[in-house]
Amino acid sequence: ARGATVMTMLASFPVVYERTRPESWQKEVDNARWFSLQLENLGLKQFGDKPHGHDLMFFEAMPFYDISQKADRYFLYREMKARSIHGIKPGLTKNFKLSTFGVGREKLSIVVDAFKEILQKYNA
């Protein structure tokens with residue numbers, strides 16, 4: 001790396017340091033664990049280590065997959081988009097990855113509520 005690339009990397013170090021401080025990181029891990037528990041209470045299954053030690057998670061979402069067999073495979077993407085929630089790729093209902101990093105408990109709660117509403121809507 002040279003020139004502007006090196007300068008950009010150097011400029012980013014304070015932000016990287018702040019994001020990975022033990023206190024900051026533990027808050028992110030706590031949020032991820034809380035979010036995972038909420039989704040598991042809805043019938044999704046989080047794969048990987050438990051308790052989870054980071055923000056990136058992989059879920060098996062059979063309740064949504066079952067709905068997609070009756071509705072269509074893009075329903076979850078459209079439902080989340082209609083609620084201004086982005087990140088789940090179109091067509092993914094059986095398994096998906098997501099990160100909770102930097103989202104915060106309040107916004108994660110909104111995402112959990114959206115998943116609940118969608119399940120209620122299609123299982124009514």
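The values are calculated or read from the model by the stated rules, or taken from the named source; none is laboratory data. Computed from a prediction, not measured in an experiment: that's the story for all the values here. Here Cβ is always computed from backbone atoms with ideal geometry, including for glycine, and neighbour counts include all displayed protein chains. Just the protein is used for accessible areas: all its heavy atoms, side chains included, with ligands, DNA and RNA removed. Shrake-Rupley method; radii C 1.70, N 1.55, O 1.52, S 1.80 Å.
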Quiz item: For segment 1-12, how many residues are open to solvent by 80 Å² or more (accessible area, probe 1.4 Å) and part of a helix (DSSP H, G or I)?
Solution: 4
Quiz item: Within the bounds of segment 101-121, is there any residue that is modelled with pLDDT under 95, in contact with a Leu (Cβ under 9 Å, 6 or more places away or on another chain) and over 17 Å from Tyr65 (Cα atoms)?
Solution: yes
Quiz prompt | Within segment 97-124, tally of residues that are in contact with a strand residue (DSSP E or B) (Cβ under 7 Å, 6 or more places away or on another chain) and within 14 Å of Gly43 (Cα to Cα) | solution = 0
Practice problem: Under 8 Å between Cβ atoms, at least 6 apart or on separate chains: pull out the pairs that start in segment 94-118 with a residue that is touching a residue at least 40 places away in the same chain (Cβ under 8 Å) and end on any residue that is of a type in the set (Asp, Glu) and assigned to a helix (DSSP H, G or I). | Solution: Thr100/Glu28; Phe101/Glu28; Gly102/Glu28; Ile118/Glu79
